[in-house]
1. Just the Kirkwood number for the range 45-132, please: inverse of mean 1/r across all distinct Cα pairs, in Å, one decimal.
2. Mind listing the phi-derived Karplus ³J(HN,Hα) values for the range 90-96, rounded to whole Hz, using 6.51, -1.76 and 1.60 with θ = phi - 60°, and x for any glycine or proline?
3. How large a share of the accessible area of the range 38-154, in percent, is made up of carbon and sulfur atoms when the probe is 1.4 Å and the other protein chains stay in place?
4. Determine one quarter of the surface area of the Cα convex hull of the chain, which equals its mean projected area, and express it in nm² to one decimal.
5. Under the Kirkwood approximation for Rh and a Cα-based Rg, what ratio Rg/Rh is obtained for the range 81-175?
6. So how much accessible area does VAL145 have, in Å² to the nearest 10, using a 1.4 Å probe?
7. Starting from the Cα-Cα distance between TYR75 and TYR33, subtract it from 0.36 nm times their residue separation and give me the gain in nm to one decimal.
8. When a/c reaches 1.5 or more, the comparison of a/b and b/c decides; with that in mind, is the range 81-126 rounded, prolate or oblate per its Cα gyration tensor?
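The values are calculated or read from the model by the stated rules, or taken from the named source; none is laboratory data. Quantities reported herein were computed from a predicted structural model and do not represent experimental measurements. Ideal geometry is used to build each Cβ from the backbone, glycine not excepted, and the neighbour counts take in all protein chains shown. Please note that ligands, DNA and RNA were not included when accessible areas were found on the heavy atoms of the full protein model with its side chains. Shrake-Rupley method; radii C 1.70, N 1.55, O 1.52, S 1.80 Å.
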Amino acid sequence: MIENCIDLTNENDEVSRFPFISLVMFSLVALIYYLSSDLLLMAFCFCLAIAAYTDACKRWIPDFIIYLLLAISIYSLHSKVLLLSLFSLSFYITPVVLLSIYGYVVKKESWIASGDYYVFPSIGLMLSPEYAAGTMLATLAIMLVLMRWIKQIPLITVAYFTFTGFNICLLSGYL
């Protein structure tokens with residue numbers, strides 16, 4: 001417990017700014033709305049973009065955005081079969097949970113930030129079961145590649161790009 005307090009006092013409170021990345025993120029939201037005309041999907045992608053950008057700049061996700069993402073994803077369940085949505089959720093979260101367990105057991109390290117676990121269920125509920133695990137595995141693979149050049153890249157930021165990329169491919173007819 002005392003170690004956590006020491007970590008908090010030594011933590012850097014700098015806020016980074018990435019204007020090009022923010023432009024790309026919010027342009028993808030507009031592209032998804034253009035392709036789908038789905039306000040619910042656009043609202044979810046917009047909130048996820050805010051979470052991803054905030055995590056990239058500050059290494060923190062606001063609670064309000066986490067709750068809003070969860071509310072939007074739960075509201076989207078009215079048009080889906082609940083059991084399939086729960087399968088999507090479990091398929092999406094399973095690879096990252098297994099990776100986290102491996103990191104804790106073998107390396108005695110926490111590889112996934114706690115804020116990521118708050119956002120993952122929302123993303124999992126917005127996917128279909130046949131694509132959920134593949135989307136998370138793509139996110140983890142991209143993370144492994146990017147971590148060679150960017151040591152502290154947030155997982156939610158990469159998850160945002162894979163989620164929106166998947167939806168753009170799906171809406172464009174590539175999947």
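1. Numbers: mean 1/r = 0.0725 Å⁻¹.
Evaluated over the range 45-132, this radius sits at 13.8 Å.
2. So the J values, rounded to whole Hz, are 5, 5, 6, 7, 4, x, 6.
3. Values: 4790 of 6580 Å².
Heavy-atom surface of the range 38-154 belonging to carbon and sulfur, 1.4 Å probe: 73 percent.
4. Approximately 11.2 nm², given one-decimal rounding.
5. So for the range 81-175, dividing Rg by the Kirkwood Rh gives 0.98.
6. VAL145 exposes around 80 Å² with every protein chain in place.
7. Full extension from TYR75 to TYR33 adds 13.3 nm.
8. oblate
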